[in-house]
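Student: Once you've had a glance at the structure underneath, I'll fire off some questions.
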Amino acid sequence: MKRAYFNTMKLALPAISENERMARSLVCAMVSTLNPTVAELGDIRCALSEAVTNAIVHGYGSPQSVDGCLVYIAVTLYADRTLKITVRDHGCGIPDVAAAREPLFTTDDTGDRSGMGFSVMEAFCDRVEVSSRVGARTKVTLYKALS
Ligand SMILES: Nc1ncnc2c1ncn2[C@@H]1O[C@H](COP(=O)(O)OP(=O)(O)OP(=O)(O)O)[C@@H](O)[C@H]1O
Ligand SMILES: [Mg+2]
């Protein structure tokens with residue numbers, strides 16, 4: 001049986017770094033309607049930020065042109081105060097999701113990244129699901145129950 005939800009939102013944002021902050025603001029504005037604690041809102045901001053940054057930086061490889069490079073974010077607030085956030089890109093995909101989720105795993109060779117994004121998402125959410133197809137897409141789903 002499908003769970004009852006009481007609000008939902010879908011966003012499609014061009015994959016530019018400014019939109020990481022935009023995504024956080026919009027999603028937090030919506031989640032705020034559930035009166036989360038400051039800590040809960042902080043957790044959601046951090047986890048979302050990691051997922052959106054990954055879509056832009058890894059999925060699309062920080063594109064100079066954003067034509068066709070969109071990050072899709074869907075938020076569902078359920079009546080039992082749980083929330084589900086999906087972050088999806090149509091980028092390069094992840095060849096080995098299990099390896100990518102390991103702490104300190106990164107394919108970055110610039111030294112800018114630490115390989116901790118998925119670990120942060122897991123620390124700040126109740127559940128994180130990742131599905132990906134190489135050359136096609138990546139979808140990260142974050143679940144969190146609010147107090
Ligand atoms: N949306 C995505 N598309 C393609 N590859 C991805 C995506 N998200 C993550 N990855 C791959 O998974 C690896 C691990 O991601 P993770 O967020 O844990 O670390 P990172 O982004 O490399 O470093 P950090 O998040 O600490 O800056 C990335 O280095 C990248 O290879
Ligand atoms: Mg990352």
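Student: Mind checking whether some residue in segment 104-124 is in contact with a Leu (Cβ under 8 Å, 6 or more places away or on another chain) and closer than 16 Å to residue 23 by Cβ?
Tutor: Checking segment 104-124: at least one residue is in contact with a Leu (Cβ under 8 Å, 6 or more places away or on another chain) and closer than 16 Å to residue 23 by Cβ.
Student: Name the single residue that is surrounded by the fewest Cβ atoms within 10 Å (Cβ to Cβ) among those in segment 21-42 being in contact with a Lys or Arg (Cβ under 8 Å, 6 or more places away or on another chain) and over 13 Å from residue 85 (Cα atoms).
Tutor: Per the stated criteria, the residue is 34.
Student: Still on this structure, please answer the following. Which of the residues belonging to segment 47-87 are within 12 Å of ligand 1 (Cβ to nearest atom) and of a type in the set (A, V, I, L, M)?
Tutor: If the condition is that a residue be within 12 Å of ligand 1 (Cβ to nearest atom) and of a type in the set (A, V, I, L, M), then 47, 51, 52, 55, 56, 57, 71, 87 are the ones that fit.
Student: Somewhere in segment 36-48, is a residue farther than 21 Å from residue 131 by Cα, among the hydrophobic types (A, V, I, L, M, F, W, C) and at pLDDT below 95?
Tutor: no
Student: (1) open to solvent by less than 50 Å² (accessible area, probe 1.4 Å); (2) over 24 Å from residue 122 (Cβ atoms): which one isn't true of residue 51, the others all being true?
Tutor: Against the list (1) open to solvent by less than 50 Å² (accessible area, probe 1.4 Å); (2) over 24 Å from residue 122 (Cβ atoms), residue 51 comes up short only on (2).
To keep it simple, each residue is scored yes or no on (1) over 20 Å from residue 71 (Cα atoms); (2) more than 6 Å from ligand 1 (Cβ to nearest atom); (3) loosely packed, with under 12 Cβ neighbours inside 10 Å.
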| site | (1), (2), (3) |
| --- | --- |
| 91 | no, no, no |
| 105 | yes, no, no |
| 110 | yes, yes, yes |
| 114 | yes, no, no |
| 123 | yes, yes, no |
| 127 | yes, yes, no |
| 138 | no, no, no |
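Student: Among the numbered conditions (1) in contact (Cβ under 8 Å) with a residue 40 or more places away in the chain; (2) surrounded by 12 or more Cβ atoms within 10 Å (Cβ to Cβ), tell me where residue 12 comes up short.
Tutor: The failed condition is (2).
The values are calculated or read from the model by the stated rules, or taken from the named source; none is laboratory data. Worth saying up front: this structure is predicted, and the values here are computed from it rather than measured. Counting neighbours? That spans all protein chains shown, and the Cβs are built from the backbone with ideal geometry, glycine included. When the accessible area is computed, the model is the full protein with side chains, heavy atoms only, and any ligands, DNA or RNA have been set aside. Shrake-Rupley method; radii C 1.70, N 1.55, O 1.52, S 1.80 Å.
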